[in-house]
Amino acid sequence: MKDIRIGLGLMHSQQAEVARLIGQMREAEELGFATVWLPNIFGVDAMTVCALAGAETSRIEIGTAVVPTFSRHPLHMAQQALTTQAATGGRFTLGLGPSHKIVIEGMLGLSYAKPARHVREYVTVLKDLLEKGKTDFEGETYRVKGSIDVACDTKPPVLIGALGPMMRKIAGSLCDGTITWMTGPRTLGEEVGPGVRAAAEAAGRPAPRIVTGLPICLANDADGARAMAGQAFAMYRQIPSYKAMLDLEGGAGPADIAVVGDEKALEAGIQRFAAAGATDFLAAIFPFGDDARASVLRTRAFLSELSKS
């Protein structure tokens, strides 16, 4: 599609094998996708897999969607990101996010106080290290004086999850853009995109990337597939940051913003996000019907052809 790059989001279980994920990244490149994205949840370490996939691919952009910031010091995040960038031959994009209170406080036992301040300071330190190899930063959350030395020709772009107004300012003024999840076209077009672009313009930075990630399924039974999306992704209605995005969309749920239906419906759905200002569409394919594998392969094949058009 001319107005938007289509990428593949790998939805993996906690038991997913590293070799299988690398194979899926290689297949994404062979199918002509512009990008492939890997989440960092409670299974494999996403950047490690991205680095390993660098040797198995040659063209496709490989990114994380997203790596939590609270659990990894910015110096070590920069070190691993530069290593991954070198391993992929300059094709890595670092997607970051603060995660959620239930994870950071409830699971890790860390404070989730003032997440926007945390991210602003975190990104400031991270960018110093990515761009200059050193930092001397004194903030309210971080006080970092250190350096790293990783042989890497180019720094990786940095995208952050920018669901709230303060995070959008950070995404535009300090980062290369945003990567969203469970955000509908109206919210993207009226809230997220304008906020990030305005911040980038005010800071004199290039036009930012706006990556939007959503569930998608090619299905003749659109109503059935939409109901399946509502069930499969119901948890996101309970997470405050995603609930806020769904509320902004008009009290929607995952079933309402999932891109489902036949070929024309999927193409029109992705075009809606392009018209709303998205530069990239992250396709999180979910199965529907009696043959789950066939359903995923069918959707993937169509998106592959669409990405080349």
Within region 260-292, residues being out of contact with any Pro (no Cβ under 7 Å at 6 or more places or on another chain) and either acidic (Asp, Glu) or within 17 Å of residue 220 (Cβ to Cβ) (or both) number 18
Residue count, region 25-84, condition crowded, with 17+ Cβ neighbours inside 10 Å, among the aromatic types (Phe, Trp, Tyr) and under 30 Å from residue 101 (Cβ atoms), comes to 2
So is residue 91 touching a residue at least 24 places away in the same chain (Cβ under 8 Å) and basic (Lys, Arg) or not? yes
Counting only helices (runs of 4 or more DSSP H) entirely within region 213-300, those with at least 2 residues that are surrounded by fewer than 19 Cβ atoms within 10 Å (Cβ to Cβ) and not polar (S, T, N, Q) are 222-232, 240-248, 263-275
Restricted to region 8-20 and to residues being within 16 Å of residue 293 (Cβ to Cβ) and in contact (Cβ under 8 Å) with a residue 12 or more places away in the chain, the residue surrounded by the fewest Cβ atoms within 10 Å (Cβ to Cβ) is 13
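Values in this text are rule-based calculations from the coordinates and carry no lab data. Keep in mind the model is a prediction, meaning the values are calculated, not measured. Reconstructed Cβ throughout: ideal geometry from the backbone, glycine too, with neighbour counts over all protein chains shown.
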